[in-house]
Structure formats: C-alpha cells, structure tokens
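Enquirer: Would you mind keeping the following structure in view while I ask a few things?
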C-alpha cells in the first residue's frame, strides 16, 4: 500500500477553484487497469518513467507518471520540489492533482489534456496539420509558462526539459508545459545530469554543463523551429545517412549558405506559401534569436512573450 505525502497542492487548472486530491497506490493502480500497457501514453527511451492514462473512481481522467527508481536522496529531493508546486498555478503549466509514494513506486498524478503532445501533432503524419495561427498561439502559451517559472516564482525555476513532447495540448489547443520532475531552482549555476532530449540542448551545456533560464529559451527556440518546419529536433535517420541530425544546425547552416530563400525551402509545406509571409519570416527570425550560440544574445522569456504577442497583434 502506498502512502500520500502530507503536501497539499492547491490547483485551479481543471475546475477553476482550489482543489485537493488524495490518491493511494491501489486507487491509482485501479485507475490505470493495473498499469496496463494499453494505457501507456508515453515511455521515453531512457526508461526512467512511464506515463499512463487513468480514470479515477470520480470519473476524472488523469495522466499518471510512474517511476520505479527512487532512493532516499531522490525522495527527499522530490519532497522539496513538490513543496514548490503549490506556487505554480498558471494557465500554461500542467496541474499536479495528486502524488503517491509506495515502497517501489513514485507516482505523480496530473490533469489530462485531451489533445496529447505537440510532438504528436507535428510528427505523426496521421494528424491534421496545425494552422499557422495555432502554431503561433502554442509558442505564446509556452513562452508565458516559462515567463511564469522564471519571473513569478521565488526562487525562480528552470524547466530544463522544454521540448515538443513535454508540451501538452488541451481544448482549443491551449498549450501547457509538463514534466515537472525535471525542474531545478535557478540559484544552481551548473546542473549535472540534465535529462533534456538531444536536439534541444544549448551550446553552454555541452561546453560547461551550464543550464540557465536562457537555456530554457533555447529549447523553446528549437520547438519554434519544429513548429515552422514540421521536422524533428533530432532526426537519427538523417544521421544514419551521414546528414546533420540536429534541426537547429541545419537551419543555421541554411541561413549562412543561402539566406531567406534557403530557409524558406525548409518550412513545412502546409505553411510555406501562407499569405502572411512577413509573419513567417519574423517567426523564423525569432527562433534564430532564441537559438543564438551565446546565451547572452538570446531574449529572456518575458521579452519573448512580448515579441510573439506583437507578431500576433500586428500580422
């Protein structure tokens, strides 16, 4: 039998009012049909956790993140991180509704968003292409979520795992940041062992194992490139054919080689000839701004929100 941490998480994201959830291990086990493989929503290659879709006895649909690798130090760290979650209510941050630790399992229960991940919609060819305006709105949502973490929490929080598969889409494609367990307080200058996916990692991490709020902005810049091109941040099939695997490097290489015309050929065909060419070009420039090699040359998340909202207003 698992036990619930005595940490109450105030959450208004689902019902518009504070609520508390108390799940025990057996209830979560039942909600996921004994963690049935058919209920799996996500299982990363590193196998550090698995995400299941579950239905609680109340009828509420949730996402259950399960990790079986947690020692005493990990539990202590997680308790401290969970204490921060009561401060994190924001429209663009996925809401934690319950938590349960058992002897062998560490379970986080989140609100379920019906439209899945951004990665699914960009890279699953069975999905309908997203309109340009929706892609811009998604970028704005995530920039706002980051701005909240970076500027409205004390101490500020670095997400460290901004990527298309950690962005969930709700009704009307409102986007929210997920994967809370990877957050780190920003007063740590150097982060060891970050788990961000290849393709989203900033140059400063490779050079000095350094990860800051501007590194999160870099990750969002790569996501913006995904939104504009429809391509994966890291394409191992290209690597197998001796081509550049990383999207950000291919885009910067095209810019240096042939300017805007070369970049335009890289765009998702669905939006390549969209009437709002100025908007597309400005979005490309914004993505490049976010993925500058020097972190000090990038905008912070608050400035990025302003840039993207101005593009929506004046385009």
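Enquirer: Evaluate the following for residue 205: is it touching a strand residue (DSSP E or B) at 6+ places or on another chain (Cβ under 9 Å) and closer than 30 Å to residue 154 by Cβ?
Expert: no
Enquirer: Test residue 140 against the criterion of being surrounded by 20 or more Cβ atoms within 10 Å (Cβ to Cβ) and either within 26 Å of residue 231 (Cα to Cα) or free of Cβ contacts under 8 Å to residues at least 12 places away in the same chain (or both), and give yes or no. Explain how you work it out, then say what you get.
Expert: Details: surrounded by 20 or more Cβ atoms within 10 Å (Cβ to Cβ): no; either within 26 Å of residue 231 (Cα to Cα) or free of Cβ contacts under 8 Å to residues at least 12 places away in the same chain (or both): yes.
So residue 140 fails the test.
Okay, residues lined up against (1) over 26 Å from residue 230 (Cα atoms); (2) loosely packed, with under 14 Cβ neighbours inside 10 Å; (3) in contact with a helix residue (DSSP H, G or I) (Cβ under 7 Å, 6 or more places away or on another chain); (4) at pLDDT below 90:
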| residue | (1), (2), (3), (4) |
| --- | --- |
| 154 | yes, yes, no, yes |
| 163 | no, no, yes, no |
| 169 | no, no, yes, no |
| 173 | no, no, yes, no |
| 177 | no, no, yes, no |
| 184 | yes, no, no, yes |
| 189 | yes, yes, no, yes |
| 192 | yes, yes, no, yes |
| 214 | no, no, yes, no |
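Enquirer: Output the number of residues of region 115-137 satisfying the condition of being more than 14 Å from residue 167 (Cβ to Cβ) and part of a loop (DSSP other than H, G, I, E, B).
Expert: 7
Enquirer: Please state which one of 199, 219 is under 13 Å from residue 163 (Cα atoms) and surrounded by fewer than 22 Cβ atoms within 10 Å (Cβ to Cβ).
Expert: 199
Enquirer: May I pose another question? Just wondering, is there one or more residues in region 110-133 that are within 17 Å of residue 214 (Cα to Cα), in the same structural domain as residue 210 (by TED's automatic domain parsing) and at pLDDT 85 or above?
Expert: No - not one qualifying residue is present in region 110-133.
Enquirer: Do we have any residue at all in region 268-278 that's surrounded by 12 or more Cβ atoms within 10 Å (Cβ to Cβ), under 15 Å from residue 228 (Cα atoms) and without any contact (Cβ under 8 Å) to a residue 24 or more places away in the chain?
Expert: Scanning region 268-278 turns up at least one residue that is surrounded by 12 or more Cβ atoms within 10 Å (Cβ to Cβ), under 15 Å from residue 228 (Cα atoms) and without any contact (Cβ under 8 Å) to a residue 24 or more places away in the chain.
Enquirer: Could you tell me how many of the residues in region 248-280 are within 24 Å of residue 202 (Cβ to Cβ) and either modelled with pLDDT under 95 or part of a helix (DSSP H, G or I) (or both)?
Expert: 12
The values are calculated or read from the model by the stated rules, or taken from the named source; none is laboratory data. The structure displayed is predicted, hence computed values, not measured ones. All Cβ positions, even for glycine, are placed from backbone atoms using ideal geometry, and neighbour counts span all protein chains on display.
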